[in-house]
Every structure is written in structure tokens, then in C-alpha cells.
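Chemist: Shown below is the structure under consideration.
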Amino acid sequence: MVGLKTQNNLEIALRQNKWLGEILERFEEVALPDTWLVAGCIAQTIWNLGHGQPAEFGLKDVDLIYFDGLDLSLEDEASHETRL
């Protein structure tokens, strides 16, 4: 299994996944407050790379979480989801 000792190594590994690489490259365009790339897409990518699979293998979705204390409405969240 690939050892990831630094944040930089993690980012390098995640950028091998073309979908996550594009998200990381365009993260400023997401334009949501307090946004994080999270969950299974990270774990799956690292697992795949450690086992010789393509970085995107078995990845069904990508999760971004955010917190906007100024607008907690479902309409605003749906708008962001559609935009992204």
C-alpha cells in the first residue's frame, strides 16, 4: 500500500484521479463558503492506487460539503447542487 506521509503526498495521489484533479484545480470556482472534499472518493482513490487499479475505479460520486451560515435554505442548496 502507498504510504502517504504528508498533505502534499495526499494531494499528489488525489490528482491522479482525473475527476478529483479537476475539482482540485477548479476549487475556487466552486465558490462555496467553508467547502471540503470528503468521504469515499478520497478513500476509494487511495485504495485503488495502492492496489494497482485506475484511480477512478469504482468511484460513483464525489462529495463536497460546505457550511453557509448566512443561507441554510433548501432552495439555495439545490441551486448550488445544480450549478456544480
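Chemist: Would you kindly derive the ³J(HN,Hα) couplings of segment 40-48 from the backbone phi angles with the Karplus curve 6.51 cos²θ - 1.76 cosθ + 1.60 (θ = phi - 60°), listing them in order in whole Hz, with x for Gly and Pro?
Modeler: After applying 6.51 cos²θ - 1.76 cosθ + 1.60, I find x, 4, 6, 4, 5, 4, 5, 4, 4 Hz.
Chemist: What list of ³J(HN,Hα) values in whole Hz, one per residue of segment 56-68 in order, does the Karplus curve 6.51 cos²θ - 1.76 cosθ + 1.60 (θ = phi - 60°) give from phi, with Gly and Pro shown as x?
Modeler: Calculated HN-Hα couplings, in order: 8, 3, x, 7, 9, 7, 10, 10, 10, 10, 8, 9, 10 Hz.
Chemist: Over the chain, with a Gaussian network built from C-alpha contacts below 10 Å, which listed residue (Ala13, Ala43, Ala55) shows the highest mean-square fluctuation?
Modeler: Most flexible of the set in this elastic network: Ala43.
Chemist: For the Cα atoms of the chain, what angle does the longest principal axis make with the long axis of helix 74-83, in degrees from 0 to 90, nearest 10?
Modeler: 50 degrees
Chemist: I'm checking a number: the convex hull volume of the Cα atoms of segment 1-72, normalised per residue, in Å³. What is it? Could you put the intermediate results ahead of the total?
Modeler: Numbers: hull volume 6.6 nm³, N = 72.
Expressed per residue, the convex hull around the Cα atoms of segment 1-72 is 91 Å³.
Chemist: Here is a further query. How far apart, in nm, are the 7 Å Cα→Cβ label points at His51 and Tyr66?
Modeler: The modelled label-to-label distance comes out at 3.3 nm.
Chemist: Among Tyr66, Ala39, Leu49, whose Cα projects farthest towards the positive end of the dipole of the chain, with charges put on the beta-carbon of Lys, Arg (+1) and Asp, Glu (-1)?
Modeler: So the residue furthest toward the plus end is Leu49.
Each value in this text was obtained by applying a stated rule to the coordinates, not by laboratory testing. Every value quoted in this text rests on a predicted model; they were computed, and no experiment measured them. So basically every Cβ, Gly included, is an ideal-geometry build from the backbone, and we count neighbours across all protein chains shown.
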